[in-house]
Amino acid sequence: MMQEFYKLTSAGAAYNLEIGFEPETIEVVNYTKFGTDDAVSRSIYYRGMADAYTLNEIATDDAINRVITATNGFTVTAASSVGRDKSAISAFTAASPGVGTVASTANFTSGDHVKMHGIAGMTELNDIIFEIVVINSTTFSLKDLATGDAINTTSYGTYVAGTNDYLVNLSDVTENSGSFYCTLGTSVIGSDSDVLYITATSGSTYKNLGDIA
């Protein structure tokens, strides 16, 4: 698991927070408003939320109300100019094991945890964390994190090359610094001078347990 912790004093306007990885969750605690009735004391982001959404907690004397707000919440964006270790994918075979082709595997080592996104056709590979096996300077295969078995892609959809297909290395936190930003909108950032404590968490150690049926 990767986590970053931040403390800031709000200016009362939307703020772009630089995060060194793609977050699964973000929690913003408004320390200033935590004991104030009818004020947002905590805001939560879960990966998969629509842009600008937030789950806000509003405290009263005897209860905490949770409200989903659809505007001015969290918006997570990949920073194209500063990226984590990643390489563009150009092909993926239907085989056992399936073999992927990338521009370069130089920034990957067998055993690293990786994730792919943007893949068309062979969509079964998208957004799942695997262990990589580096074959040579441009090709690789994958293993299931839970079982260690090689990934068999013979029953997967046919890979369709695109312009946003990437293999992303999740194992090097330092090299990933600055690869994602989160805009904290006005539904999250609080009022001018509010003190906020922020925790961003990546689920890079989640294991794919497959179909447990």
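Within 14 Å, Cβ to Cβ, of residue 40, how many net charges do the neighbouring residues add up to if Lys/Arg are +1 and Asp/Glu are -1?
-2
Please list, ordered by chain and number, the residues whose modelled amide H lies under 5 Å from the amide H of residue 99; skip anything fewer than 5 residues away on the same chain.
93
Cβ under 12 Å from residue 92's Cβ, residue 92 left aside: what net charge do those residues give with Lys, Arg +1 and Asp, Glu -1?
The answer is -2.
Please give the charge dipole size of the chain, origin at the Cα centre, charges +1 on K and R Cβ atoms and -1 on D and E Cβ atoms. Round to the nearest 20 debye.
Details: 10 positive and 24 negative charges, 78 e Å.
Here the size comes out at about 380 debye.
What residues have an amide H closer than 5 Å to that of residue 42, excluding those fewer than 5 places away on the same chain, when H is modeled at 1.01 Å from N in the peptide plane?
Amide H neighbours of residue 42, under 5 Å, 5+ apart: 30, 57.
Let me know the number of lysine pairs in the chain closer than 15 Å at the Cα, not counting same-chain pairs under 8 apart.
Values: 7/33; 86/115; 115/143; 115/207; 143/207.
For the chain, the number of qualifying lysine pairs is 5.
If each residue's Cβ is checked for other Cβ atoms within 10 Å, how do 192, 165, 127, 61 rank with the fewest at the top? Numbers along the way, then the final one.
Working: 192 10, 165 25, 127 13, 61 6.
Exposure proxy ranking, most exposed first: 61, 192, 127, 165.
Rounded, prolate or oblate: which one fits region 1-151, using the alpha carbon gyration tensor with axes a ≥ b ≥ c (rounded when a/c is under 1.5, else prolate when a/b beats b/c, else oblate)? Please list the in-between numbers first.
Working: a/c = 2.92, a/b = 2.49, b/c = 1.17.
The shape class here is prolate.
Can you tell me what share of the DSSP beta bridges in region 86-169 is antiparallel? A percent to the nearest 5 is fine. Walk me through the numbers on the way to the answer.
Numbers: 21 of 22 bridges.
Within region 86-169, antiparallel bridges account for around 95 percent of the total.
Taking K and R as +1 and D and E as -1, what net charge do the other residues with C-beta under 9 Å from the C-beta of residue 131 add up to? Write down the numbers at each step before the final one.
Values: positive: 143; negative: 112, 144.
Summing Lys and Arg as +1 and Asp and Glu as -1 gives -1.
Let me make sure I get this right: for region 86-169, a, b and c are the square roots of the gyration tensor eigenvalues over alpha carbons, sorted descending. Under 1.5 in a/c it's rounded, otherwise prolate if a/b > b/c, else oblate. Which is it? Display every interim value, and only then the final one.
On the way: a/c = 1.42, a/b = 1.05, b/c = 1.35.
Since a/c stays below 1.5, the shape of region 86-169 is classed as rounded.
Across region 59-74, in residue order, what do the Karplus-derived ³J(HN,Hα) couplings come to in whole Hz, using 6.51 cos²θ - 1.76 cosθ + 1.60 with θ = phi - 60° and x for Gly and Pro?
Karplus values, whole Hz, x for Gly and Pro: 8, 10, 4, 9, 7, 10, 9, 9, 10, 8, 10, 9, 9, 6, x, 9.
Where a number appears in this text, it was derived from the coordinates with a stated rule and is not lab data. All of these numbers come straight from a predicted model, not from anything done at the bench. Heads up, the Cβs are rebuilt from the backbone with ideal geometry, glycines too, and the neighbour counts pull from every protein chain shown.
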